1. How big is the Rg/Rh ratio for the chain, C-alpha atoms only, Rh by Kirkwood, two decimals?
2. Compute log10 of I(q)/I(0) for segment 387-442 with the Debye formula, placing one identical point scatterer on every Cα and leaving out solvent, at q = 0.16 Å⁻¹, to two decimals.
3. When DSSP assigns beta bridges and you keep just the ones with both residues in the chain, what percent turn out antiparallel, to the nearest 5?
4. Hey, could you grab the Kirkwood Rh for segment 429-493? Inverse mean 1/r over distinct alpha carbon pairs, Å, one decimal.
5. Please determine, in degrees from 0 to 90 and to the nearest 10, the orientation of helix 274-285 with respect to the longest principal axis defined by the Cα atoms of the chain, where the helix direction is its Cα long axis.
6. Per residue of segment 195-212, what does 6.51 cos²θ - 1.76 cosθ + 1.60 with θ = phi - 60° give for ³J(HN,Hα)? Whole Hz please, x for Gly and Pro, Karplus curve as stated.
7. How big is D for segment 67-199, in µm² s⁻¹ as a whole number, if Stokes-Einstein is applied with the Kirkwood radius of its Cα pairs at 4 °C and 1.567 mPa s?
8. Long-range amide H contacts for Glu263: which residues qualify at under 5 Å (H placed 1.01 Å from N, peptide plane, sequence gap of 5 or more or a different chain)?
Amino acid sequence: MTKQRLYLYDTTLRDGQQTQGVQFSTSEKQQIALVLDTLGLDYIEGGWPGANPTDSDFFDAAPKTRATMTAFGMTKRSGRSADNDDVLAAVMNANTPAVCLVGKTHDFHVTTALGITLDENLENIAASIKHLVAQGREALFDAEHFFDGYKANRDYALAAVKAAHDAGARWIVLCDTNGGTLPHEIGAIVADVIASGIAGENLGIHTHNDTENAVANSLAAVDAGVRQVQGTLNGLGERCGNANLTSLIATFLLKEPYASTFETGVTPEALTGLRRASRLLDDILNRVPQKQAPYVGASAFAHKAGLHASAIAKDPTTYEHIDPALVGNTRIVPMSNQAGQSNLRERLARAGLDVKKGDPALTRILDRIKEQEARGYSYDTAQASFELLAREELGLLPTFFEVKRYRVTVERRRNKRGKMVSLSEAVVVVKINGERMLNVSESQGPDGSDQGPVNALSRALSKDLGPYQAVIDDMHLVDFKVRITNGGTEAVTRVIIDSEDGQGRSWSTVGVSANIVDASFDALLDAINWKLVRDGATA
């Protein structure tokens with residue numbers, strides 16, 4: 001059976017930038033565009049030329065992509081022609097092969113927000129799309145508030161999209177702008193649009209996640225006949241976000257009936273880079289990756305219960321809906337005091353440690369875990385610390401270096417502008433191959449602010465590790481979490497540190513102490529030691 005072509009349109013660089021707290025620089029937009037292109041998306045919406053300097057600068061220096069670079073704008077305003085609308089002209093001057101214009105399809109918004117007649121709006125839509133087509137551009141029409149407009153005034157909503165279609169738009173994109181429409185409504189309305197005379201091969205879907213249904217709504221629209229799906233990487237977007245293309249891409253390629261019905265620009269090889277792309281976006285935004293994100297999250301294929309882990313060891317399909325490697329992810333069998341030997345042997349095997357069933361070391365490791373967790377440790381998420389503990393019990397943990405001492409100071413003073421500031425400084429003394437090395441580092445960030453004592457410790461510890469420096473140069477701290485496990489004066493602090501390296505690997509380590517700095521230092525030590533072990537460093 002010949003597969004139907006399904007087109008994927010990414011709007012991370014435009015709609016994703018509407019996310020609270022997100023502001024891309026031009027260089028960041030260029031970097032993200034290349035990541036999206038590597039995945040194999042069909043369209044990349046770069047932004048709104050003329051709306052802000054960053055978007056204009058991006059189009060002036062947009063990277064060369066296989067994907068169709070698309071500029072976003074709005075239909076011409078009333079009282080002027082498409083040729084003489086300066087806002088539309090700025091969009092056209094970006095010289096992209098495709099242009100997506102947003103226009104009103106809800107009568108309420110036409111009369112209230114725009115303050116024009118319904119007929120004027122239809123004329124503006126048609127004239128704008130004709131202008132794009134006359135200039136040789138691929139025209140897309142974003143039908144804003146279409147589903148709400150359809151429910152309020154079906155005839156007018158259909159008239160608006162037909163105006164764009166009849167004017168030559170390649171794609172009519174039906175937008176659930178407020179995100180309140182449910183999947184069964186999406187399916188029925190899309191079917192009616194197709195029945196009204198606009199073919200599914202000319203329809204797209206653009207959903208928002210305000211009811212946690214953006215992905216489901218996109219699938220419902222595809223089921224009903226649309227052949228373009230819009231969304232953002234990691235579901236970025238205003239309010240609750242847009243449809244998560246990360247989830248949709250994997251679903252289209254791996255789930256039926258989509259996998260056997262549709263062809264996309266994403267190859268199975270490119271799909272293995274999905275998790276990497278997701279993490280890269282989080283890195284650029286300095287956001288903590290969502291552990292429970294479908295397909296690509298660190299916990300997406302984590303199996304804690306002993307019964308589950310035992311079954312997974314026999315056949316992963318017992319508790320996994322796909323092979324995690326297909327999307328670049330990995331299986332995790334967390335260790336905790338609930339663990340049995342099945343969990344333990346499975347986790348050790350994944351770390352490259354083959355321990356036979358019944359080996360006394362298994363009991364020692366489990367006892368050690370229970371003892372440590374009684375002190376406040378948690379290996380449920382700190383997989384790297386667990387692996388180091390197990391290697392130590394098995395006599396397989398090399399000693400790369402020895403920390404002889406460390407000191408952290410925090411100074412609070414007035415700067416030359418009379419403002420109170422703090423500055424942390426760390427001194428770490430390590431012994432490598434009989435040689436003592438002293439490293440000193442401050443915690444001042446690029447903006448001159450103090451990034452704290454743990455940052456200073458991390459910098460000092462990784463500043464110069466002699467023969468191991470080249471191994472750890474590409475690792476960096478991603479997240480730092482603190483929890484107080486006991487209250488009152490006997491409080492114990494647990495620190496979890498998430499790290500990542502240039503290969504895209506991520507790992508978590510734990511430290512516990514009454515002293516938060518000491519707990520942090522232990523977690524940092526584990527992070528470096530795990531990296532050295534996994535990269536095959538020689539002690």
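1. 1.05
2. -0.69
3. Beta bridges within the chain, antiparallel portion: roughly 50 percent.
4. 14.3
5. Between helix and principal axis, roughly 90 degrees.
6. In residue order, the calculated couplings are 5, 6, x, 9, 5, x, 5, 10, 10, x, 10, 9, 10, 10, 9, 5, 10, 6 Hz.
7. For these conditions, the coefficient is 88 µm²/s.
8. Sorted by chain and number, the residues that satisfy this are Gln4, Arg5, Leu6.
The values are calculated or read from the model by the stated rules, or taken from the named source; none is laboratory data. Just so it is clear, the structure is predicted and the values come from calculations on it, not from any experiment. For the accessible areas, the whole protein counts, side chains as well, though only heavy atoms, and no ligand, DNA or RNA atoms are used. Shrake-Rupley method; radii C 1.70, N 1.55, O 1.52, S 1.80 Å.
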